[in-house]
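Since the structure comes first, as structure tokens, the remarks are kept for the end.
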Amino acid sequence: MTLRALEFFFTSGVIFTVLFSSCTKDKLPEPQVNSACDTLMPVYIGTIKPIIDSKCAIPGCHSAGSSAGDFTTYESMLPRLDNGRFKKRTLDQRDMPPQGSEPLTEEELLLIECWINAGFPKQ
Amino acid sequence: MRHLLTYCLLWCALGAWAQSRERVVRTFHDTRIINTQSVEMLAPRRLDIRIVHRFGDMLGDAGGWPTFYGLENAADVLFGFDYGVSENFMLGLYRTKGAGDRRQLLNLNFKARLAQQRPTMPFTIAATALGSLSTMSQVEGSGAVSSFPQFSHRLAFSGQLLIAHKLSEYIGLQLTLSTVHRNLVPHYDDNTIFASGLATHIQLTKMLSFIMDVQLPLNGNQSPLQTVKHPDAPNYYLPIGVGIEVETGGHVFQINLTNSAGIVETDFIPETTQSWRQGEFRLGFTISRLFNL
């Protein structure tokens, strides 16, 4: 057996041992609707808009005409609500608002979660 | 006369033997096509420093004038290097931003050439293995993939078999068979996804080539072959890329358009949710610089 073949089989063996030993096959449970949402039932006007205005639609972030997305009105937010990107960044990855900005409180996160789960009603 | 005939026969036999051992090289001009890896390898002790950038959607809801057709956003970025360990084996280490549920990725890639096209062998064959580790902060209580209940949930893997044939001096084709495994997925998703892909490289001039690749997931919600999809799953699309490659001796510069936001296999095969038809394609470029060590 040549040195090249030995090198190949040794490296392949190491790679596959590492790969298979670190493999799992897990799924997240189906998300349950938070029971608190039954009583909160938040809507955009009056509940969600003030949160968005104070934490997202601020100058340099999601203000009117922003290249990162305009969150000043319900209609301008809709595309990112429909495609799930707002939920992904705000609730799943929680990297929005970004580090250094005032974060969303637990109460605000719950209101946004309930609002999105209810189909983000306007009023 | 008999000596001359023997000499001619011997010369022809030697020529045929030499031709049968002549390797067909440069089916592609780079180790990556657009999204897919190619069968090409780095020469031993060659270092390839690589920067790949994908801008935001050119059109659609997130594109157009407000984002200057996506140029003011970055969907994904790769910084890293590949290194040729031997003639038939190379490795790479890259950091990518990540475009799916896992972000801030460290990717380790291995590629081995198993066969080389020659007159007696119609294909160049290579295999790749990629491991991807998310280094993002754990988002506790989110109920999403980024909650990472175990450390192993940060990992995703990809394995590929690349089979290429150089049709002529100007045209190369590649069939790709891929599998991607993610240790943790949402409730509607499959951990392991299989995919097949096609790629081509057409040389237009001495320096300029046209390149294209596409991946077709074969199972899960990602696959167009699956008629019944989970209602909670987002809409997935085939990652398709087209581009132009410019080679200027030591540099490869590539400019492309693709609907894939992710750059590495563990991202773009299971996570492409952007559609060409809805204008959700982006401009991308690759800069590669080769060094001899």
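The values are calculated or read from the model by the stated rules, or taken from the named source; none is laboratory data. As the structure is a computational prediction, the values presented were derived from the model and not from experiment. Here the Cβ is made from the backbone with ideal geometry for all residues, glycine too, and neighbour counts use every protein chain on show. Quick note on the areas: whole protein, heavy atoms, side chains included, nothing else; ligands and nucleic acids left out. Shrake-Rupley method; radii C 1.70, N 1.55, O 1.52, S 1.80 Å.
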- Leading residue at positive end of dipole, chain B (Cβ point charges), from B:68, B:145, B:194: B:194
- Task: Amide H neighbours of residue B:76 under 5 Å, at least 5 residues apart or on other chains, H built in the peptide plane: list them.
- Result: B:54
- Pairs A:25/B:97; A:25/B:111; B:166/B:206; A:88/B:97; A:87/A:122: which exceed 19 Å Cα-Cα? A:25/B:97; A:25/B:111
- Just need the relative contact order of the stretch B:189-293 here, percent rounded to a whole number, with Cα pairs under 8 Å and 6+ apart. 22
- The B/A contact buries a total accessible area, at probe radius 1.4 Å and rounded to the nearest 100 Å², of 2800
- Task: For the stretch B:197-260, report the translational diffusion coefficient in µm²/s to the nearest whole number, using Stokes-Einstein at 4 °C, 1.567 mPa s, and a Kirkwood Rh over Cα pairs.
- Result: 94
- Please list, in chain and number order, the residues 5+ apart from residue B:115 or on another chain whose amide H is under 5 Å from its amide H, with Hs placed from the backbone. B:125
- Message: Compute the helix-to-body angle for B:2-20: its Cα long axis versus the longest principal axis of chain B, expressed 0 to 90° and rounded to tens.
- Response: 10
- Counting only protein chains, not ligands or nucleic acids, how are B:38, A:101, B:152 ordered by accessible area (probe 1.4 Å), most first? A:101, B:152, B:38
- Task: Could you work out the relative contact order of chain A, using alpha carbon pairs under 8 angstrom and six or more residues apart, expressed as a whole percent?
- Result: 29
- Query: Once the Cα atoms of the stretch B:71-205 are picked out, what are the Rg and Dmax in Å?
  - Reply: 18.0, 59
- Starting from the amide H of residue B:104, placed 1.01 Å from N in the peptide plane, find each other amide H under 5 Å away whose residue is 5 or more places distant or on another chain. B:98
- Heavy-atom accessible area of the stretch B:2-292 with neighbours in place, 1.4 angstrom probe: carbon+sulfur share in percent works out to 65
- For the protein assembly as shown, what does -39500 (n - 2.57) per DSSP helix run (n ≥ 4), summed and divided by total residues, give at 222 nm, in deg cm²/dmol to the nearest 500? -5500 deg cm²/dmol
- Please report, as a whole percent, how much of the solvent-accessible surface of chain A comes from carbon and sulfur atoms (probe radius 1.4 Å). 61
- Using θ = phi - 60° and Karplus 6.51 cos²θ - 1.76 cosθ + 1.60, couplings along the stretch B:117-123 (whole Hz; Gly, Pro as x): 4, 7, x, 9, 9, x, 10
- Message: Suppose every Lys and Arg Cβ carries +1 and every Asp and Glu Cβ carries -1, with no other charges. What dipole size does the protein assembly as shown come out with about its Cα centre, to the nearest 20 debye?
- Response: 1720
- Message: So if I take the alpha carbon set of chain B, get Rg, then get Rh from the Kirkwood formula, what is the Rg over Rh ratio?
- Response: 1.05
- Whole Å is fine, so just give me how far the alpha carbon centre of the stretch A:28-42 lies from that of the stretch B:49-107. 36
- Here the alpha-carbon Rg of the protein assembly as shown over 2.2 N^0.38 Å rounds to 1.15
- Query: Short version: ³J(HN,Hα) in whole Hz for each residue of the stretch A:56-73, in order, from phi by Karplus 6.51 cos²θ - 1.76 cosθ + 1.60 (θ = phi - 60°), x for Gly and Pro, what are they?
  - Reply: 10, 7, 10, x, x, 10, 9, 7, 4, x, 5, 5, 8, x, 8, 10, 7, 10
- Once you treat every alpha carbon in the stretch B:148-265 as an equal point and sum by Debye, what is log10 I(q)/I(0) at q = 0.12, 0.14, 0.22 Å⁻¹? -0.56, -0.72, -1.28
- Note on the structure: Expressed per residue, the solvent accessible area of the stretch B:2-292 in Å² (1.4 Å probe) is about 44
- Task: Taking the Cα centre of the stretch B:113-264 as origin, work out the dipole magnitude from +1 charges on Lys and Arg Cβ and -1 charges on Asp and Glu Cβ, in debye rounded to 20.
- Result: 340
- Over chain B, what is the mean sequence separation of C-alpha contacts under 8 Å (at least six apart), divided by residue count, expressed as relative contact order in percent? 19
